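To start, the structure itself, in structure tokens.
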Amino acid sequence: MPTSPSPALVARLRAAGCVFAEDEAALLEEEAAAGDPGRLEELVARRVGGEPLEHVLGRAELRGERVRVDPGVFVPRQRTGLLVEEATRLVRRSGPASARRGDRPLVVVDLCCGSGALGLVLATELRSEGRGGDVSRVELHAADVDPAAVACAAHNVAAVDGFAHQGDLFDALPPALRGRVDVLLANVPYVPTDAISSLPPEARDHEARVALDGGADGLDVLRRVAVDAPSWLVPGGHLLTEVSEGQVAAVVEVLRGAGLDVRVVRDDEIGATGVVATRPDET
């Protein structure tokens, strides 16, 4: 039967501003249990010093899947699970793009992938619940400009036989993928530059700025993705991206301007807003 965490540790974490001090204390004690006696103090000192819990533990969970998260790498947000949920629903709807795949696997790209969490979780869920040869065969490619993120993602996506690539957006991908992508997950940085300083210190001080900064209005990277996305998607393929509620109208305009059909998805329970942009089917 699990024991309660040390009250002294809980108090120490709470004093450092950890909102979920009891849960964090239990996780830190569990992580240190297999280590040497000084391991717990090392972990707690890092957490009290402001490091994200996920970096201290070296892992995060997204939709029940454990994901490795190395220091400096963007920590997967629970709200971003909305993109996985929506992508899964779209694939299982078995639209024309799915029907035309024939014997080839479903091609998924996780662009601006960070730890590769989105691609990993989507591929895992599709494979575990796939119907025969329909969605059980997934070819996953994760890409990021940050070498640390790519190294982390390579470890994670290896679990589903995925590939990790380093480079600037689509330049990182194998050219043979052009026109073959069924699902493009693009959780691009969308924080306006002037708003970076107001982010929680855990993000501002411990995650790569390139994973956060979206330019003056937060949409610089998305605009670049929108220009090239149609040529990488199959007809009927989908681009999914996360945005803040205040950016929805501008994001819809950008994606429609690229010739994509656009709709907005929300999950109020987890405070998530996403946009799904579909390349029109040519049939």
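The values are calculated or read from the model by the stated rules, or taken from the named source; none is laboratory data. Since the model is a prediction, treat every value here as computed from it, not as a measurement. Please note: Cβ atoms are built from the backbone with ideal geometry, for glycine as well, and neighbour counts cover all protein chains shown. To get the accessible areas, we keep the full protein, side chains included, count just its heavy atoms, and leave off ligands, DNA and RNA. Shrake-Rupley method; radii C 1.70, N 1.55, O 1.52, S 1.80 Å.
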Given points 7 Å out from each Cα along the Cα-Cβ axis, report the ARG204 to GLU269 separation in nanometres with one decimal. 3.3 nm
Please give the length that would be gained between ASP168 and ARG104 if that part of the chain were fully extended, namely 0.36 nm times their separation in residues minus their C-alpha to C-alpha distance (nm, one decimal). 20.4 nm
GluC sites (Glu not before Pro), restricted to region 217-283: which are DSSP loop and have at most 15 other Cβ atoms within 10 Å? GLU269, GLU282
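Shape verdict for the chain, please, from the Cα gyration tensor: rounded (a/c under 1.5), prolate (a/b greater than b/c) or oblate. Mind showing how you got there, number by number?
Details: a/c = 2.13, a/b = 1.63, b/c = 1.31.
It is prolate, given that a/c is not under 1.5 and a/b is the larger ratio.
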Angle check, please: helix 81-92 long axis (alpha carbons) against the longest principal axis of the chain (alpha carbons), in degrees 0 to 90, nearest 10. 30 degrees
Spin-label model distance (nm) - GLU282 vs ASP228, 7 Å beyond Cα toward Cβ: 2.0 nm
Accessible area of region 197-278 divided out per residue, in Å², using a probe of 1.4 angstrom: 44 Å²
Between VAL19 and ARG127, what FRET efficiency follows from the Cβ-Cβ distance if R0 is 45 Å, with the result rounded to 0.05? 0.80
